[in-house]
1. State which residue is most open to solvent (accessible area, probe 1.4 Å) when the search covers only the range 26-40 and only residues that are touching a Leu at 6+ places or on another chain (Cβ under 9 Å) and free of Cβ contacts under 8 Å to residues at least 60 places away in the same chain.
2. Restricting to the range 41-67, name every residue that is in contact with a helix residue (DSSP H, G or I) (Cβ under 8 Å, 6 or more places away or on another chain), farther than 13 Å from Asp12 by Cα and buried (at least 21 other Cβ atoms within 10 Å of the Cβ).
3. With the structure loaded, tell me whether Val77 is under 21 Å from Leu265 (Cα atoms), open to solvent by 10 Å² or more (accessible area, probe 1.4 Å) and among the β-branched types (Val, Ile, Thr) or whether it fails that test.
4. Filter the range 101-147 down to residues that are aromatic (Phe, Trp, Tyr) and within 25 Å of Leu185 (Cα to Cα) and give me whichever is most open to solvent (accessible area, probe 1.4 Å).
5. Do we have Trp238 as surrounded by 13 or more Cβ atoms within 10 Å (Cβ to Cβ), under 26 Å from Gly15 (Cα atoms) and in contact (Cβ under 8 Å) with a residue 60 or more places away in the chain here?
6. For the range 150-247, list the strands (runs of 3 or more DSSP E) that sit wholly inside it and hold at least 2 residues that are modelled with pLDDT under 95 and on the phi > 0 side of the Ramachandran plot; which are they?
7. Restricting the search to the range 83-100, which residues are over 21 Å from His262 (Cα atoms) and surrounded by fewer than 24 Cβ atoms within 10 Å (Cβ to Cβ)?
Amino acid sequence: MVDESLNLWLEDLYGGQVGIRLRLRECLYSMTSPFQRIAVYDSLAFGKVLTLGGAIALTDFDEALYSECLVHPALSVMPSAKRVLILGGGDGGVAREALRYPQVERVTVVEIDRQVVETCRSHFPRAASCLADPRVELVIDDAHRFLRDCNEQWDVIIVDAAELSNSASDAFHSVTFADQVFSRLRDGGILIAPLGCPTFDTDNCRSTLRTLTVKFPKPQIYLMTIPSFPGGQWAVAWCSTSTTPQTVAMRPPHLEQLRCWHPELQAGMFVLPRNVQSLLGLTR
């Protein structure tokens, strides 16, 4: 029986300035892959917690909130989407939500670290079990290299745990990651790109937005609330040259199973508080 009187804590700092502390029961798993330190803890507040390089990557408590808010704002307005590309996402949560749409024929997940996938299969099966679905293509590779070498295009691209401007592994890329992503999105497709916490990472949020406007002059921004993320609030860019996000065209089957997203929420997600507009440089 676990002694909950033990004073075990996990601290995750965001930019070295602000963070979150979680009271832990125990460490369930820990190892070092070729890319990062991977650990799974049992916490009192959030249940199981996955950390990558010491930073919280997902928790039992709010994994579904994060995954739903990356997928449904895109797929619910694009009933013609058949091919979805997820850059990162080795835990499987984002793929699980994309598979809820029956018109989706193929979900390609590009994860650099195989051990992340194996860890999540063991400790987070609610998310990772979907990776065995026949519609899922799991690619263990660097996202930059994958995009550089493939010649396919996708209806929806979701950037999950990868950055638009920085290298995932390779030291040099002749073409930027953003350009590679843009080239793999079909005309009229949708790109979902998390920006970060607008309050505590304003400069990086603005920098990524500037990168996106090279291809998408007016990216739409929405907010999602993720309690386990330092700052609790995350901004996401919704990008398309021909589609708008406010009107839901398709409801996923078994809508009642979702924990966060619902069609009535869609339009409101894109109404930003004035302070967030100001932080992101969207006010005139």
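The values are calculated or read from the model by the stated rules, or taken from the named source; none is laboratory data. This one's a predicted model, so the numbers in the text were calculated from it and none came from an experiment. Methodologically, a virtual Cβ is constructed for each residue, glycine included, from the backbone with ideal geometry; neighbour enumeration extends over all protein chains shown. Accessible surface areas use protein heavy atoms only, side chains included; no ligands, DNA or RNA. Shrake-Rupley method; radii C 1.70, N 1.55, O 1.52, S 1.80 Å.
1. Filtering the range 26-40 for residues that are touching a Leu at 6+ places or on another chain (Cβ under 9 Å) and free of Cβ contacts under 8 Å to residues at least 60 places away in the same chain, the one most open to solvent (accessible area, probe 1.4 Å) comes out as Arg37.
2. Glu63, Tyr66, Ser67
3. Working: under 21 Å from Leu265 (Cα atoms): yes; open to solvent by 10 Å² or more (accessible area, probe 1.4 Å): yes; among the β-branched types (Val, Ile, Thr): yes.
When the stated conditions are applied, Val77 passes them.
4. Phe146
5. Values: surrounded by 13 or more Cβ atoms within 10 Å (Cβ to Cβ): yes; under 26 Å from Gly15 (Cα atoms): yes; in contact (Cβ under 8 Å) with a residue 60 or more places away in the chain: yes.
Here the answer is yes, as Trp238 does meet what is asked.
6. Working: elements: 154-159, 185-196, 220-225, 233-239.
Those strands (runs of 3 or more DSSP E) span 185-196.
7. Kept after step one, since they are over 21 Å from His262 (Cα atoms), are these residues of the range 83-100: 83, 85-91.
Matches in the range 83-100: Arg83, Gly88.
For every residue, the table says whether it meets (1) surrounded by fewer than 18 Cβ atoms within 10 Å (Cβ to Cβ); (2) of a type in the set (S, T, N, Q).
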{"residue": "Lys215", "(1), (2)": "yes, no"}
{"residue": "Trp234", "(1), (2)": "no, no"}
{"residue": "Pro263", "(1), (2)": "yes, no"}
{"residue": "Asn275", "(1), (2)": "yes, yes"}
